[in-house]
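Only one structure is covered here, and it is reproduced in the block below.
The values are calculated or read from the model by the stated rules, or taken from the named source; none is laboratory data. From a predicted model like this one, the values you see are computed outputs, not experimental measurements. Cβ sites come from the backbone with ideal geometry, for glycine too, and all protein chains shown count toward neighbours. SASA here: full protein model, heavy atoms, side chains in, ligands and nucleic acids out. Shrake-Rupley method; radii C 1.70, N 1.55, O 1.52, S 1.80 Å.
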Amino acid sequence: MFNIIIVDDHLLFRESVKLLIEKEGFGTVIAEATNGLEFLNLLKVMQPDLVIMDIDLPFLNGLEATKKALKIYPDLKILILTMMSEYTNIADIKKSGAIGSILKSSGKGEFERVFRRATCKIDN
């Protein structure tokens with residue numbers, strides 16, 4: 001079981017991802033954040049195995065929050081979520097240090113595939 005933090009500014013989306021993760025037995029959602037700054041504060045008291053991070057967040061976007069988090073916790077694994085494929089620049093995501101990305105428009109099967117690939121990187 002993996003301890004997971006979900007970072008997204010939309011409550012319904014966070015709740016849906018949490019439900020999917022816990023229903024499928026992927027892990028336990030130990031915390032949620034609505035923006036990048038809130039996420040960075042959570043890291044001071046939480047130790048997740050994986051973070052599922054929206055790219056488009058208020059106050060501090062997901063890529064910047066990822067870079068800042070990885071400077072402090074270089075072994076942290078972060079999976080980036082995005083809504084628009086044209087904004088999903090793979091080079092920028094890789095440069096941020098995230099282990100991968102997934103479109104929010106993906107279905108359950110694609111989410112599971114990307115999630116499993118991401119968690120394999122945790123086990124190694």
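General remarks:
- Note on the range 1-16: residues that are open to solvent by 10 Å² or more (accessible area, probe 1.4 Å) and in contact with a Phe, Trp or Tyr (Cβ under 9 Å, 6 or more places away or on another chain) amount to 2.
- Some residue of the range 69-76 being over 18 Å from M46 (Cβ atoms) and either surrounded by 12 or more Cβ atoms within 10 Å (Cβ to Cβ) or out of contact with any Gly (no Cβ under 6 Å at 6 or more places or on another chain) (or both): no
- Residues that are touching a residue at least 12 places away in the same chain (Cβ under 8 Å) and either more than 16 Å from A118 (Cβ to Cβ) or open to solvent by less than 40 Å² (accessible area, probe 1.4 Å) (or both) within the range 19-28 comprise L20, I21, F26, G27, listed in sequence order.
- Apart from one condition, V51 fits all of (1) at pLDDT below 95; (2) buried (at least 19 other Cβ atoms within 10 Å of the Cβ); the exception is (1).
- Inspection of the range 36-53 finds a residue satisfying the criterion of being over 14 Å from the mean Cα position of the chain (by Cα) and among the basic types (K, R).
- When the residues of the range 112-124 are filtered to those that are modelled with pLDDT of 80 or more and more than 12 Å from the chain's Cα centre (by Cα), the one that is least open to solvent (accessible area, probe 1.4 Å) is E112.
- Yes/no for L63 being in contact (Cβ under 8 Å) with a residue 12 or more places away in the chain and touching a Ser or Thr at 6+ places or on another chain (Cβ under 8 Å): yes
- Residues of the range 54-68 that are farther than 17 Å from H10 by Cβ and open to solvent by less than 20 Å² (accessible area, probe 1.4 Å): T66 alone.
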